[in-house]
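Colleague: Dropping a structure here in structure tokens format, bear with me for questions.
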Amino acid sequence: MEIAKTNIKDCFEIEPKVFKDQRGYFFESFNEQRFKELTGLDVNFVQDNQSFSTKGVLRGLHYQEGESAQAKLVRVLQGKVLDVAVDIRKDSPTYGNVFKTILSSDNHRQLFIPRGCAHGFVTLSETATFFYKCDNYYDPKAEAGIIYNDHNLNIDWEINESELIISEKDQVLPRFKDLILH
């Protein structure tokens with residue numbers, strides 16, 4: 001496993017070592033001990049989630065507030081997405097930074113997103129199965145978000161806006177500058 005820093009503090013891109021032969025492939029998707037050695041972070045994942053989306057579905061930008069904040073390790077099992085993280089930790093040296101990467105079933109790349117970051121993705125392939133580990137349980141009372149097209153964040157979702165499929169809830173999220181973090 002190779003880990004690369006991003007422009008967000010404690011957010012890492014992870015490239016697994018993939019072993020391929022005539023039968024297919026194998027890779028270790030997570031190793032707690034190795035992750036801790038390479039990042040210095042001690043993370044205990046307690047919940048796994050999976051979603052399926054069609055092309056143009058944009059989910060985000062989501063996060064959980066306060067004691068319910070979650071770190072996530074995200075990857076794509078099938079298909080291709082543009083994955084986005086935004087640092088919303090006011091005391092962070094990378095506050096307001098946006099990081100984007102392509103996650104796909106071909107590149108097997110993963111993204112570790114620390115607590116205090118908003119997260120979202122858009123499906124670039126016809127369909128995508130998205131999988132993520134969380135270090136805290138989902139709490140509907142703590143869910144929050146930022147509008148996907150916030151001009152201050154200036155995120156290029158790499159897909160025409162007319163092709164986006166966005167939930168009603170995600171279309172009315174506040175702007176980054178209007179966040180009141182608890």
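Computed from the coordinates by the stated procedures, all read-outs in this text should not be read as laboratory data. All values derive from a computational prediction rather than experimental measurement. Positions of Cβ are backbone-derived with ideal geometry, glycine not excepted, and every protein chain shown enters the neighbour counts.
Colleague: Just to check your reading of the model, which residue among 118, 128 is touching a residue at least 60 places away in the same chain (Cβ under 8 Å) and either of a type in the set (Gly, Ala, Ser) or out of contact with any Ser or Thr (no Cβ under 9 Å at 6 or more places or on another chain) (or both)?
Modeller: Of 118, 128, the one residue that is touching a residue at least 60 places away in the same chain (Cβ under 8 Å) and either of a type in the set (Gly, Ala, Ser) or out of contact with any Ser or Thr (no Cβ under 9 Å at 6 or more places or on another chain) (or both) is 128.
Colleague: Filter region 91-106 down to the residues that are polar (S, T, N, Q) and touching a residue at least 60 places away in the same chain (Cβ under 8 Å), then identify the one that is farthest from residue 130 (Cα to Cα).
Modeller: Ranking the qualifying residues of region 91-106, first place goes to 92.
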